[in-house]
Amino acid sequence: MSSTNPTFRPDTGRDAGRSAPAPTSNPAVAYSRLPAPAATECAWCGHLFDGGDEYRPGRIKCARCGVGTTSPWPSDEQLGAAYAVWYRPQGGRFSGLGDKILARTRSTLASKLDRVLPAGPVLDVGAGDGTLVGAFRSRGREAIGVDPYYQGDSPHIRAVELEEMTGSWSAVVFWHSLEHVRRPVRSLRHAATLVAPGGMLVVAVPNAASIQARLFSDQWLALDLPRHLVHITPDALLSQLEDLGFTIERVSYLRGGQVLFGWLHGLVRQLPGRPDLYDAIRRSEAQQEAQSPVRRLYALTAGVVAFPVGLIGTAIELATKSGGSIYVQARRKG
Ligand SMILES: [Zn+2]
C-alpha cells in the first residue's frame, strides 16, 4: 500500500496539520493515511466512538467491548482492490509445499469435525478456493461454501453473502473469515439461525489479545489491513456465542494455525529494511510487492534464525492461553 494522496485526512487528529505523509513501510500507518472516512462505531458491538476509545494506526480499539475496528473504514472499492488477483491466484498462494500443508490442515479439520457433528450438511463461510468444502465432501458429507469474492466454477461454492443463505445445517464454519466481514455479529446471529439443534458454530480468528498481537502491534501479521475489518478478542467472541444460546465445547489457541508463523513474521519485521517473511514464502505472482531474490533470501534466512525464538514465543502463548489465533467449537443446545 503506497497511497500518498495529499488530500488524505488523518483519522486520529494527532497528525493534523501535516500536509503530506512521509513514506512508510508500516502497513498500518500507511493505511491510517488513506483518504477514507474514519470508523465512527465499533464494528463488533456498535458502540459509537466518543474519544474514550484507543486510537492506533489503522484501527480503533473499542472502550466498551475491547474489539478493534479498522479505521479508516474501507470502501467496497478499496476492499475489492485489496482482494485483487495477487491475494489468491489460481495457481495457489504458496510454493508447492506451503499449499500442501494448507490442504493437509483443512483435511484434518474436516475429519475432526466430521466425527463430532450430527448428520447434515456443512456451510463454510468465506470458503476461498474451496479446500475445506472439498475435504468434507471427500468424506461423504455434503458441504457448501459461500464467498462473495469467489470467481471459480465449483458448483459447491456460491458467490453470495452468508445472509442470503437459508436452511438447516449441522455446522456453520467461519475459518478465518469472521474478521473479514463488515458486520461480524450480525453474521454470527444469522449463522446461529442456520444451525440445527445439536449442531455447531465453528470459528477461528486471529486473537487480537494475544501476546504476539500486543508485542508486534502495527507489524503483527494478522492485523492484515484492510482485509481484516475487526480485531477480535477471545472474551468478546466467547460471550457472543453464549449470548446466542450456544455452549462452548472447545477452545484452542493453536488449532487456528498461524501461531508460530505469526511469531516468525513479527520477529523478522523488526530487522533493518523490514523484510517480509509472509511475502517471501508466497509464489511470485501471489506477492503484494515484487521481491528481489536477495531480499527474499534475506527474509527466509532471518526466518530460520528467528525459529528458536518463535518456538519459545509460541510455547509461552500456549501455556498462558493467549495464542495468536483462537479456535472455538460451540454447540447449539439440542
Ligand atoms: Zn465494541
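A few points about this structure:
- Taken together, Pro37, Pro74, Pro27, Pro121 contain a single residue that is at pLDDT below 95 and either more than 20 Å from the chain's Cα centre (by Cα) or within 16 Å of the ligand (Cβ to nearest atom) (or both), which is Pro37.
- Under the condition of being under 21 Å from the mean Cα position of the chain (by Cα) and free of Cβ contacts under 8 Å to residues at least 24 places away in the same chain, the residues counted in the range 104-118 number 2.
- Selection status of Pro37, in contact with a helix residue (DSSP H, G or I) (Cβ under 9 Å, 6 or more places away or on another chain) and in a loop (DSSP other than H, G, I, E, B): no
- Looking only at residues in the range 43-57 that are closer than 13 Å to Arg186 by Cβ and surrounded by 15 or more Cβ atoms within 10 Å (Cβ to Cβ), the one that is farthest from the ligand (Cβ to nearest atom) is Ala43.
- Answer from Ala209, Ala192, Ala127, Ala222 - the residue that is under 15 Å from the mean Cα position of the chain (by Cα), closer than 25 Å to Ala43 by Cα and surrounded by fewer than 22 Cβ atoms within 10 Å (Cβ to Cβ): Ala209
The values are calculated or read from the model by the stated rules, or taken from the named source; none is laboratory data. Computed from a prediction, not measured in an experiment: that's the story for all the values here. Neighbour counts are summed over all protein chains in view; Cβ atoms, including those assigned to glycine, are modelled from backbone coordinates with ideal geometry.
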